[in-house]
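The values are calculated or read from the model by the stated rules, or taken from the named source; none is laboratory data. All figures in this text were calculated on a predicted structure; none of them were measured in a lab. Methodologically, a virtual Cβ is constructed for each residue, glycine included, from the backbone with ideal geometry; neighbour enumeration extends over all protein chains shown. Surface areas here come from the heavy atoms of the whole protein model, side chains and all, with no ligands, DNA or RNA. Shrake-Rupley method; radii C 1.70, N 1.55, O 1.52, S 1.80 Å.
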Amino acid sequence: MISIIYRPFSGETEDHPYHRPNHRPHWFTKYGTFKSLMNSIRLAKDKVTKLYVLFDGHEGIFFNQIKETLPKVGVDFEMHNIHAGSVYNSVKIATQFAVTLQDNIYIVEDDYFHLPEAIGKIEAALPNLGILSGYDHLDRYVRTDDIEYRKEIKFDYPSNHHWRTSESTGHTYAVSKNLVSSISDALCSHEFTASDRELWRFLHRNNIPLWTAIPGFVTQVDPFLSPGVNWEAHSKNV
């Protein structure tokens, strides 16, 4: 079972002045990424303990879309406006809340697109891998400034998927209940909520590897899409 913490913000939506910045693909909408997550949760609802929506910002069109959709997903949920006022505060509130749940946890930002099988695979792989992301970040194929860390690829039978150790990812990740208590201080620290890459580097140095899916079944919708997937085509099916 897994508890999901979804962290949406009212920016880049229809009634916000920063709607659709230039770095996003033309097909991106926050409601579209939200629907992709909800579809994946619906398909794995027997594995979802509860969905927590920690909304930040103006309660306009996007807020109402989320509020109207949640009862249709088929899982227990709570929705709150946390009035964080910044990305840092939102991340801090979400992680501090996550470590109190005593469950497998998936924390999700609002600009991540999920394939239908994503939540089921994350829930299945988590007991074996400990901490993971379904996002196969393009950085791992084009950057040369990674730290030295354990390089490994494995096939995980419960999730029926290949996974690799990866230097870093964003603030969208899953962590097992067996691991979360031992790394809760790192997850909630000021240094690492402000810099996600340094969090993952710290964990690697303490022999806690981050695993990411290959190919990715989750992507942040920006110029660094998970490779090998036609994300625009999938977005049209949501």
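Remarks
- Options LEU179, TYR112, VAL221, ranked by Cα towards positive dipole end of segment 107-235, top entry (Cβ charges): LEU179
- Between helix 118-129 and the chain: long-axis angle, C-alpha atoms, 0 to 90°, nearest 10: 30 degrees
- Fully extending the segment from VAL87 to VAL142 would add 17.2 nm, taking 0.36 nm per residue of separation and subtracting the current Cα-Cα distance.
- Taken about its Cα centre, segment 62-138 carries a charge dipole of roughly 120 debye when the Cβ of each Lys and Arg holds +1 and the Cβ of each Asp and Glu holds -1.
- Segment 1-81, accessible surface, carbon-and-sulfur percent (1.4 angstrom probe): 50 percent
- In this simple spin-label approximation, GLU14 and THR69 carry label points 7 Å from Cα along the Cα→Cβ vector, and these lie 1.2 nm apart.
- Cα-based helix-to-principal-axis angle, 30-43 vs the chain, degrees rounded to 10: 70 degrees
- Partners for LYS236 among lysines (Cα-Cα distance below 26 Å; same-chain residues under 8 apart left out): LYS30, LYS35, LYS45, LYS67, LYS72, LYS121
- Relative to the longest principal axis of the Cα atoms of the chain, the long axis of helix 177-188 lies at roughly 70 degrees.
- Considering only THR144, LEU43, SER86, and ranking their Cα positions along the charge dipole of segment 1-147 that arises from unit charges at the beta-carbon of Lys, Arg, Asp and Glu, the one farthest toward the positive end is LEU43.
- Nearest-0.05 FRET efficiency for LEU43 and LYS154, computed from C-beta distance (R0 30 Å): 0.75
- Kirkwood hydrodynamic radius (C-alpha pairs) into Stokes-Einstein, segment 106-194, 20 °C and 1.002 mPa s, D in µm²/s: 149 µm²/s
- Separation between Cα centres of segment 28-79 and segment 86-116, rounded to whole Å: 13 Å
- Of the accessible area of segment 104-238, computed with a 1.4 Å probe over protein heavy atoms only, carbon and sulfur atoms account for 49 percent.
- Accessible area (Å², per residue) of segment 90-238, counting only protein heavy atoms and a probe of 1.4 Å: 42 Å²
- Cα-centred dipole magnitude for the chain, charges only on beta-carbon of K, R (+1) and D, E (-1), debye, nearest 20: 460 debye
- Around the Cα centre of segment 84-205, unit charges on the Cβ atoms of Lys, Arg, Asp and Glu (plus for the first two, minus for the last two) sum to a dipole of about 300 debye.
- The equivalent ellipsoid that matches the C-alpha gyration tensor of the chain spans semi-axes of 25, 20, 19 angstrom, in descending order.
- Considering helices alone, the calculated mean residue ellipticity of the chain at 222 nm is -10000 deg cm²/dmol, with DSSP H runs of length four and up weighted by -39500 (n - 2.57) and normalised per residue.
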